[in-house]
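K.L.:
I'd like to ask some things about the structure below.
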Amino acid sequence: MSEQNPQVALETSMGIITIELFKEKAPITVRNFLGYVKDGFYDGLIFHRVIKDFMVQGGGMSESLEQKKPKFAIKNEAANGLSNTRGTLAMARTSVVDSATSQFFINTVDNLFLNHKGKQPDSFGYCVFGQVIEGMDVVDKIREVKTGNKNGHSDVPVEPVFIVSAKLIEA
């Protein structure tokens, strides 16, 4: 990828994950994510959904599993040709195609079934907009945590995994 791709340091309670963002391939998504980073939105939130052989998801909930109020939903850029492979960052959303806001996930394995396959809602896919370039060992530590059910949510880490801070790395 190009030199001028923005990078974000995601400091978690288990270590630092450095992410490169693909602004050419997913300009709306990258701008959205960086907006949340610059606002300090992610600081203090948790990875609230961890499924070992699938993904780790965060960016929307507090330790008490209260949804932090995000900004507006964005257009889904899943048709950008990027694949949900191990170590990629993608936007979480509801079954509505253009419903992504602040929540994202890091694929812990190749999840090709999440890729864009067509224009119908059930095959539109999940937009990949970044890649872990350092700290995949941290992602692997997070994916190994014990999970359970809490406040009506499943796959919640028993010991919270915090996003201490998310900061743009200045070139």
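The values are calculated or read from the model by the stated rules, or taken from the named source; none is laboratory data. Please read these numbers as outputs of a predicted model, since none were measured by experiment. So basically every Cβ, Gly included, is an ideal-geometry build from the backbone, and we count neighbours across all protein chains shown.
K.L.:
Which one of the conditions (1) within 26 Å of residue 156 (Cα to Cα); (2) acidic (Asp, Glu); (3) modelled with pLDDT under 95 does residue 3 fail to meet, given that it meets all the rest?
P.N.:
(1)
K.L.:
I'd like to know if region 109-118 contains one or more residues that are part of a strand (DSSP E or B) and surrounded by 13 or more Cβ atoms within 10 Å (Cβ to Cβ).
P.N.:
Within region 109-118, not a single residue is part of a strand (DSSP E or B) and surrounded by 13 or more Cβ atoms within 10 Å (Cβ to Cβ).
K.L.:
Within region 147-165, identify whether any single residue is farther than 25 Å from residue 24 by Cα and aromatic (Phe, Trp, Tyr), and answer yes or no.
P.N.:
yes
K.L.:
Right, next: What do you reckon, is residue 133 outside any loop (DSSP other than H, G, I, E, B), among the aliphatic types (A, V, I, L, M) and farther than 17 Å from residue 14 by Cβ?
P.N.:
Yes.
K.L.:
Inside region 37-67, can you point out the residues that are within 19 Å of residue 155 (Cα to Cα), in contact with a strand residue (DSSP E or B) (Cβ under 6 Å, 6 or more places away or on another chain) and assigned to a loop (DSSP other than H, G, I, E, B)?
P.N.:
Within region 37-67, 45, 63, 65 qualify.
K.L.:
Scanning for something at positive phi and touching a helix residue (DSSP H, G or I) at 6+ places or on another chain (Cβ under 9 Å), does region 80-87 turn up at least one residue?
P.N.:
The answer is yes, given that some residue of region 80-87 is at positive phi and touching a helix residue (DSSP H, G or I) at 6+ places or on another chain (Cβ under 9 Å).
K.L.:
Moving to a separate point now. Pairs only if they're at least six apart or on different chains, beta carbon under 9 angstrom, first in region 139-164 and at positive phi, second surrounded by fewer than 15 Cβ atoms within 10 Å (Cβ to Cβ) and not aromatic (Phe, Trp, Tyr); list them, first residue then second.
P.N.:
Close Cβ pairs (under 9 Å, with a partner that is surrounded by fewer than 15 Cβ atoms within 10 Å (Cβ to Cβ) and not aromatic (Phe, Trp, Tyr)) amount to 151/64; 151/66; 155/148; 155/149.
K.L.:
Filter region 127-159 down to residues that are touching a Phe, Trp or Tyr at 6+ places or on another chain (Cβ under 8 Å) and of a type outside the set (Gly, Ala, Ser) and give me whichever is farthest from residue 91 (Cα to Cα).
P.N.:
157
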